[in-house]
Amino acid sequence: MQIVRSSGPASPSFGIRPVRFVLGIIACVGIALTLFSLLFGFRSIPTNSVGVKLRFGALSGIEDPGLTYVIPYVDELVIVPTQRLLKLEFGFSSPGATNPYQHDREGQDTETMITGDLNTALVPWVVQYRITDPKMYLFGVREPEQTLRDLSESVMREVIGDRTVDEVLTIGRHDIETASLKRLAELCSDYKLGLQIQQVQLATVRPPAVVQAAFNEVNQAQQEKQTAINQAWAVYNDAVPNASGRAKERLKQAEAYAFNRVNQAKGDAEKFTLLLTEYRKAPDVTRRRIYLEQMQTILPSLQKKVIVDDSLKNILQTLPLTNPESTPSTR
């Protein structure tokens, strides 16, 4: 007897195997992704920066310096150097800069400016700034550094345009830096860039090369003029105090002489008054005393003395004539 098997549907066990295989693959991929996220999801934030975490492009949080975790393919960590002093350079370039906005773009001529008196000057400068608000820095304005460059150039041209070329090249340096810093800080606050301007510093300001020789001659003439003025003031400061000192010395001498003469006159007058009083009391005695005092003063100054007694009448009175130059006193 021949047994004939009917051709019915296949066994269910043969259809379950592909499903299990697919599920196994999905499980392996999930496990691999989990291990990958566990191994490669950690990020390190430097000490001078903060980490801005973005989840699907939206702000998720701000992480402090240290180790943090991000979900691969979901989160993005943007490092923002909030504690670093950044700078933008205009008119020159320092080698080794890591900030792509630090230098002028190729073909730009930012240092050539027109002053208020329609002269041309080459004005290179540096803007130093910090990032103070990471959220505003990333989401407030597109390309904040480029915006800051444009604002800096606009402010500097405005400030330079209000001053003469002599002020720009010589005495107006500090005033230009102060005015530019104040104006640029106001614009950054108005534009909400999340940046704080620390300093605006001018580099070597110079005239264009085609007029450099003429400016050098003008500067040399101004220096010679200032030197002559300083020398004149030196002579003035030396002569005027000396003359004033001599005048005061003469004045003091005259005052001292006048004081001495007045006091001497007063003393003589008082002496004469006292002598007159005594003379009125005893005229003869006072007259003889005066005579004797005067003789006491005169006789010591005589070199040779001859005293003749008036009471001798019979003796011939002679004087020695050996020395004709000296005439003896007789009485």
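Taken together, the values in this text are just the output of simple stated rules run on the coordinates, not laboratory data. Bear in mind the structure is a predicted one, so any value in this text is a computation, not a measurement. Counting neighbours? That spans all protein chains shown, and the Cβs are built from the backbone with ideal geometry, glycine included.
Points to keep in mind about this one:
- Which of Thr120, Thr147 has the fewest Cβ neighbours within 10 Å, and the rest in rising order: Thr120, Thr147
- Extension gain from Ile62 to Arg20, taking 0.36 nm per residue of separation minus the Cα-Cα distance: 10.8 nm
- Volume of the convex hull of the stretch 114-241 (Cα atoms only), normalised per residue: 132 Å³.
- Mean-position separation - Cα centroids, the stretch 134-178 and the stretch 192-237, in angstrom: 21 Å
- Label zone at Val74 (point 7 Å along Cα-to-Cβ), backbone N below 18 Å, the stretch 48-64: 52-63
- Annotation: the residues Tyr129, Tyr291, sorted from fewest to most other C-beta atoms within 10 Å of their own C-beta, follow the order Tyr291, Tyr129.
- Seen from every direction in turn and averaged, the convex hull around the alpha carbons of the stretch 19-80 projects onto 4.6 nm².
- Full-extension gain in nm, Lys281 to Ala243, via 0.36 nm per residue minus C-alpha separation: 8.0 nm
- The stretch 212-301: C-alpha pair distances exceeding 20 Å, %: 71 percent
- Cβ-based net charge around Val74, under 11 Å, with every Lys or Arg adding one and every Asp or Glu removing one: 0
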